[in-house]
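Asks: The structure is given below, and queries will be raised subsequently.
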Amino acid sequence: MLKIAYQGVPGAYSHIACQELFENQEYVACDSFEIAMELVNNGTVDKAVIPVENSNAGRVSDVHFLLPKAGLHIVGEYFLRVRHQLLAIKGAKLKDIVSASSHPQALAQCSDFLKAHNIKAVSRIDTAKSCEKIVLEQDKTKAAIASKLAAEIYDMEILAENIENASNNTTRFLIMQKDENIPVDDGSDFITSIVFTTKHIPAALYKVLGGFATNGINISKLESYLINGKFFSAQFYIEVEKHVNSKALQYALAELKFFTEEYQILGCYPAHEYRKKSC
């Protein structure tokens, strides 16, 4: 039986993603993304399932900082359709709800509903964790935004179903493990994740990206963030639609080396079928 780590508590969307990806395995709840990754690194668990971005609320804070430091390899991706429920203790009514607590991402994804019902958003560390607090307080004016699984686990009432702003609300997860496992390039679609730091010279980023363009490689994601407390030293996280061992990507990486201080291949993995559906 595999041990799969995730950030949050039972009923969290990361927990649901684990269940859908790895059915009937052991799921290990963690207080933070960093702890989940560390458990993989020290061999306590086999894999971690980590959310990186949402189709409406954007990237998940802090994760991209942790990816290069974790010492893990990305071996897969998964897209989870997220349906938010407004949950409260038994006997509560929607008209009496004054505040709703949840993870900031979930609150942002349900902002239209909260505004329409004049409900105050209260940030918490996790969606399902918010349920624990509501049940403990037994206050009928307070609600939580979480999953249907959380409603079952914490025996809460669903006051409003599917309250997310967009009908296509989807969160993307990365599957991470300690051992590198690059699949054979069989001609199907692959994603390669790379992190790099450019040299502090004019047009360095332009030259790096040009290497992908001239080799016919599509860039599906590019993120930048400051490192080492310096405002001029940026690190970039990039995802390209090509197998890492393909000649085209090898040529692009050869050019990338000339204009970067360092770079790291975080993983090469099959592109999830959701990508084709969302095009």
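The values are calculated or read from the model by the stated rules, or taken from the named source; none is laboratory data. Owing to the predicted nature of the structure, the values given are computational and were not obtained by experimental measurement. Backbone-built Cβ (ideal geometry, glycine too); neighbour counts: all protein chains shown. Keep in mind that these areas ignore ligands, DNA and RNA; they rest on the heavy atoms of the full protein, side chains included. Shrake-Rupley method; radii C 1.70, N 1.55, O 1.52, S 1.80 Å.
Asks: Please determine, by comparing only the residues of region 12-41 that are part of a loop (DSSP other than H, G, I, E, B) and at pLDDT below 95, which one is least open to solvent (accessible area, probe 1.4 Å). Step through it out loud before you land on a result.
Replies: Restricting attention to region 12-41, the residues satisfying the condition of being part of a loop (DSSP other than H, G, I, E, B) are 12, 22-25, 31-32.
If we keep only those that are at pLDDT below 95 too, we end up with 12, 31-32.
Details: A12: 2, D31: 117, S32: 38 Å².
Restricting to residues being part of a loop (DSSP other than H, G, I, E, B) and at pLDDT below 95, the top hit is A12.
Asks: Now for a separate question. If I ask for residues that are more than 15 Å from E180 (Cα to Cα) and either in contact with a Pro (Cβ under 7 Å, 6 or more places away or on another chain) or outside any strand (DSSP E or B) (or both), which ones from region 43-68 would you list?
Replies: Restricting attention to region 43-68, the residues satisfying the condition of being more than 15 Å from E180 (Cα to Cα) are 44-45, 49-66.
Within region 43-68, T44, V45, S55, N56, A57, V60, S61, D62, V63, H64, F65, L66 meet the criteria.
Asks: Could you look through region 165-211, keep only residues that are in contact with a Phe, Trp or Tyr (Cβ under 8 Å, 6 or more places away or on another chain) and of a type in the set (D, E, K, R), and pick out the one that is surrounded by the fewest Cβ atoms within 10 Å (Cβ to Cβ)?
Replies: K199
Asks: Related question: Taking the options A92, A108, A116, A146, name whichever one is hydrophobic (A, V, I, L, M, F, W, C) and in contact with a helix residue (DSSP H, G or I) (Cβ under 8 Å, 6 or more places away or on another chain).
Replies: Values: A92 fails: in contact with a helix residue (DSSP H, G or I) (Cβ under 8 Å, 6 or more places away or on another chain); A108 fails: in contact with a helix residue (DSSP H, G or I) (Cβ under 8 Å, 6 or more places away or on another chain); A116 fails: in contact with a helix residue (DSSP H, G or I) (Cβ under 8 Å, 6 or more places away or on another chain).
Going through A92, A108, A116, A146 in turn, the sole match is A146.
Asks: Which is closer than 14 Å to C268 by Cα and not hydrophobic (A, V, I, L, M, F, W, C), of N215, N245?
Replies: Residue meeting the stated conditions: N245.
Asks: Find the strands (runs of 3 or more DSSP E) located wholly in region 99-178 whose residues include 3 or more that are more than 19 Å from C18 (Cβ to Cβ), and list them.
Replies: Values: elements: 99-102, 120-123, 142-146, 157-160, 170-177.
So the answer is 99-102, 120-123, 142-146, 157-160.
Asks: Now for a different question. Out of the residues in region 42-56 that are over 11 Å from the mean Cα position of the chain (by Cα) and of a type outside the set (A, V, I, L, M), which is surrounded by the most Cβ atoms within 10 Å (Cβ to Cβ)?
Replies: The qualifying residue surrounded by the most Cβ atoms within 10 Å (Cβ to Cβ) is K47.
Asks: Assuming K129 fulfils every condition listed in (1) of a type outside the set (D, E); (2) open to solvent by 50 Å² or more (accessible area, probe 1.4 Å); (3) free of Cβ contacts under 8 Å to residues at least 60 places away in the same chain apart from one, which condition is it?
Replies: (3)
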